[in-house]
Each structure stands twice: as C-alpha cells, then as structure tokens.
Amino acid sequence: MSITIDRVEGPVPGLAAFLLDHHADMAGTAPPESQHALTLDRLLTPGVRLFALRDGDLLVATGALAPISEGHEELKSMRTDPGRRGEGLGQAVLDALLDDARRRGVRRVSLETGSADFFRAAHALYARAGFEECGPFADYVEDPHSTFMTMQLDAD
C-alpha cells in the first residue's frame, strides 16, 4: 500500500465520479434542503482546500476545508471509499486537514454532518479527534437532519 495525501487544485482522474458517489451515498439520509455537500466546482473555488488520499493511483478518500471567517474554517466532503472503510483512511485525511489548518493559523474548525445512523461512524471519528457538538454556525440553521460540531485548534 502506497498512501499519499495531496492537495487538489484542479480536476483529476476519478475525482468527479468519487464525489458524485459521495452525494449518492447521502441521497436517502435527509431531504435535499438538509444536504450540504459541496459540488466539485465549489470544492475547486479559490479559498477551498481540497485534499485527496490515494493508494497508488486509486483515489480512496477526500476531505476539504472551506473558509467561514478569519481563523474559522469548515470541514467539507469527508468521504472514504465504502470498500476501504475501517482502515484508518478517514482518520488520515482528517489529521492532514487539521495539520494544514494549524500550519496556516486557523483557530477553529467546524462541521455539519447528518444526524442519521448512516453518519454514526463519522460522529465517532470527529469526537475522537476532539470535535464537540455545537449549535449551527455560519449560514446554517437548526435542522433535525444535521449535527454540528466544532473544535478549537492550537497553533503549530
């Protein structure tokens, strides 16, 4: 296994399909107005930092950070290929994203994820990393289909 995590700044082979699968995975978990995953074009806008984890040439996990305000960013598009879940790849992406945020002086990272059982493993991953449940942030509103979490970061 040859694992690499790199920043993605433009379309790369397999990324569009991987992210379409991400949206499809969540399709039945909440009504459309409660789904907040970013499309590929939004993930590639200036300011958003998208990362891809590859095993050799195979894309197996993604994650991104999107700016909210000075020193506050949102975790977006965390996904591990369903066939590779349980291997620690999501943890590796999350660690890389939090390290990137710390190096850039980000002081707070927040996230919105689903509240359905489908997201239970994600909730556990985020809690182990130090995220705590919070209220809505940025433009989000209370929603029974959403779980909001945040964590303060120490600078490197």
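The values are calculated or read from the model by the stated rules, or taken from the named source; none is laboratory data. What you see is a predicted model; the values in this text were computed from it and never measured. Positions of Cβ are generated from backbone atoms using ideal geometry, with glycine treated the same way; all protein chains shown enter the neighbour counts. The accessibility values were calculated without ligands, DNA or RNA, using every heavy atom of the protein model including side chains. Shrake-Rupley method; radii C 1.70, N 1.55, O 1.52, S 1.80 Å.
Couple of notes before you dig in:
- Within segment 115-130, the residues that satisfy the criterion of being open to solvent by 60 Å² or more (accessible area, probe 1.4 Å), closer than 16 Å to Asp25 by Cβ and not aliphatic (A, V, I, L, M) are Asp117, Phe118, Arg120.
- Comparison of Glu33, Glu9, Glu73 shows that the only residue that is of a type in the set (Asp, Glu), in contact (Cβ under 8 Å) with a residue 12 or more places away in the chain and either out of contact with any strand residue (DSSP E or B) (no Cβ under 9 Å at 6 or more places or on another chain) or surrounded by 18 or more Cβ atoms within 10 Å (Cβ to Cβ) (or both) is Glu73.
- Of the helices (runs of 4 or more DSSP H) lying entirely inside segment 13-123, those containing at least 3 residues that are within 13 Å of the chain's Cα centre (by Cα) and closer than 26 Å to Gln152 by Cβ span 89-103.
- Cβ pairs under 9 Å, 6+ apart, first in segment 131-148 and touching a residue at least 12 places away in the same chain (Cβ under 8 Å) and surrounded by 14 or more Cβ atoms within 10 Å (Cβ to Cβ), second hydroxyl-bearing (Ser, Thr, Tyr) and assigned to a loop (DSSP other than H, G, I, E, B): Asp143/Ser115; His145/Thr29; His145/Ser115; Ser146/Ser115; Ser146/Tyr140; Thr147/Ser115; Phe148/Tyr140
- The set of residues from segment 76-114 being touching a residue at least 60 places away in the same chain (Cβ under 8 Å), open to solvent by 20 Å² or more (accessible area, probe 1.4 Å) and closer than 23 Å to Ala138 by Cα comprises just one member, Glu112.
- Of the candidates Leu58, Leu50, the single residue that is open to solvent by 60 Å² or more (accessible area, probe 1.4 Å) and either in contact (Cβ under 8 Å) with a residue 24 or more places away in the chain or closer than 21 Å to Glu87 by Cα (or both) is Leu58.
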